[in-house]
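Structure, as structure tokens:
The values are calculated or read from the model by the stated rules, or taken from the named source; none is laboratory data. The structure displayed is predicted, hence computed values, not measured ones. Here the Cβ positions follow ideal geometry from the backbone for every residue, glycine too, while neighbour counts run over all protein chains shown. For accessibility, only protein heavy atoms count, side chains too; no ligands or nucleic acids. Shrake-Rupley method; radii C 1.70, N 1.55, O 1.52, S 1.80 Å.
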Amino acid sequence: MPVYLDAIGKCAAREVVSIQPQVSGRITEIHFADGADVKAGDLLFTIDPRLYRTQLEAARATLAQRKAELELAKIQFARAENLIPSKTITKSDYDTRKNAVDVAEAQVVQGQAAVEIARLNLEYCSIRSPIDGRAGQRLVDVGNVVNPGSGPPLLVIQRLNPLYVDFTVTENDLLAVQKYMAKGALRVEVRLPDEPDNARGGELTFLDNSVQDTTGTVKLRATIPNGDHLFWPGRFVKIRLVLSTLRDAVLVPTVALQMSAKGPFVYVVKEDSTAELRHVTPGQRQGGLVVVEQGLKPGERVVVSGQIAVTPGGKVRVEAPRTSGAAPATGKGGGS
């Protein structure tokens, strides 16, 4: 019998990315459909690349010029070095030519950086998906001019598999959660409200580091597989956090459990077919069954219907079910 905590949770995407432009320009192409599944690296938008392609060509030409100037400076400096022994060149001219080489080398490095910046700007004209996920509704059309750092995102992509499920437990249950987490990963069962019998298994992957002052609850997060996209970000779900499993638990149907002024009880049918009112300590419920922590032994018979006619110490006659249907058994002076 599982020992568990039930809660209401909310689904959340594993990753959420807002697509923003990194260069200014006009949108010339859109390469996806709204709501489509996209892969990391898929092309989403194209910004007019002509300006940035021209800037890259200009940067490469400038770099080529800088390299030529560096080669000339090196040649002139080499000639100056050869003239030093004969003292046909002044120390000032030698230092000038040496400095010219250093300046030319720095200009080459600067030109290489300019080429890299221009190359990146041209690359940014092709906006690609950074993650696997599902595209939302695009917020721009072909022909719109976009600018980096201004306005809403072009598109929001959410990763739906695996999926997060966020929920809370009360601070009174925190100690139990911590105790069982120390023994290993805890299992969760997630159900849609309209499909209570279709549970999706997952694992508890996060426990917050504080109790919320206003609610006295602690945030937890589970991770579940969602390859079929059955669960959707923002949807409320039912959570069952399984803490442990009771071995050799004593179970009775929930309908056998009755309530009196002294607490819960069941009617036990003894060996001599008399009814005994037995107070019990109920525990965890699972479907139509409830754990009896104290008061019952395995194998004892309990009354599950007709308790209103049962009297403690009275005789109970158990009748076999009729073959024509599922009519409950009845007993003389007792219940069934």
Name the pairs: first residue in the stretch 192-205 and under 12 Å from Phe231 (Cβ atoms), second residue open to solvent by less than 50 Å² (accessible area, probe 1.4 Å) and among the polar types (S, T, N, Q), Cβ to Cβ under 6 Å, at least 6 apart or on different chains? Gly202/Thr223
Output the residue which, of all residues in the stretch 73-97 that are hydrophobic (A, V, I, L, M, F, W, C) and more than 60 Å from the chain's Cα centre (by Cα), is most open to solvent (accessible area, probe 1.4 Å). Ile75
Which residue pairs have Cβ atoms closer than 8 Å, lie 6 or more positions apart in sequence or on different chains, and pair a first residue in the stretch 162-179 that is closer than 14 Å to Gly9 by Cβ with a second residue that is in a helix (DSSP H, G or I)? Val169/Val177
Of all residues in the stretch 281-317, which are under 12 Å from Leu251 (Cβ atoms) and in contact with an Asp or Glu (Cβ under 8 Å, 6 or more places away or on another chain)? Pro282, Gly283, Pro298
Within the stretch 13-36, track down each residue that is surrounded by fewer than 16 Cβ atoms within 10 Å (Cβ to Cβ) and part of a strand (DSSP E or B). Glu15, Val16, Ser18, Arg26, Thr28, Glu29
Any chance Glu57 is of a type in the set (Asp, Glu) and modelled with pLDDT of 95 or more: yes
Residue in the stretch 210-236 that is farthest from Asn172 (Cα to Cα), counting only those that are surrounded by 18 or more Cβ atoms within 10 Å (Cβ to Cβ) and aliphatic (A, V, I, L, M): Ile224
Elements of type strands (runs of 3 or more DSSP E) in the stretch 119-215, at least 3 residues being hydrophobic (A, V, I, L, M, F, W, C): 155-170, 187-192, 195-207
Could you look through the stretch 237-285, keep only residues that are surrounded by 14 or more Cβ atoms within 10 Å (Cβ to Cβ) and small (Gly, Ala, Ser), and pick out the one that is farthest from Asp197 (Cα to Cα)? Ser273
Can you list the strands (runs of 3 or more DSSP E) found entirely within the stretch 219-336 that contain at least 2 residues being of a type outside the set (A, V, I, L, M), closer than 24 Å to Arg187 by Cβ and modelled with pLDDT under 90? 236-245, 281-286
List every residue pair whose Cβ atoms lie under 6 Å apart, where the two residues are 6 or more positions apart in sequence or sit on different chains, the first residue falls within the stretch 32-45 and is touching a residue at least 24 places away in the same chain (Cβ under 8 Å), and the second residue, located anywhere, is assigned to a strand (DSSP E or B) and open to solvent by 60 Å² or more (accessible area, probe 1.4 Å). Asp37/Arg134; Gly41/Arg128; Leu43/Arg128
Of the candidates Ala64, Ala58, the one satisfying the condition of being within 49 Å of the chain's Cα centre (by Cα) and open to solvent by 50 Å² or more (accessible area, probe 1.4 Å) is Ala58
Unique residue being outside any helix (DSSP H, G or I), over 30 Å from Asp34 (Cα atoms) and either of a type in the set (Lys, Arg) or at pLDDT 95 or above (or both) when the list is Lys98, Lys87: Lys87
Within the stretch 145-188, residues in contact with a Leu (Cβ under 8 Å, 6 or more places away or on another chain) and under 28 Å from Asp37 (Cβ atoms) come out as Val146, Pro152, Pro153, Leu154, Leu155, Asp166, Phe167, Val188
When Leu5 is run through (1) at pLDDT below 95; (2) loosely packed, with under 14 Cβ neighbours inside 10 Å, the failure sits at (2)
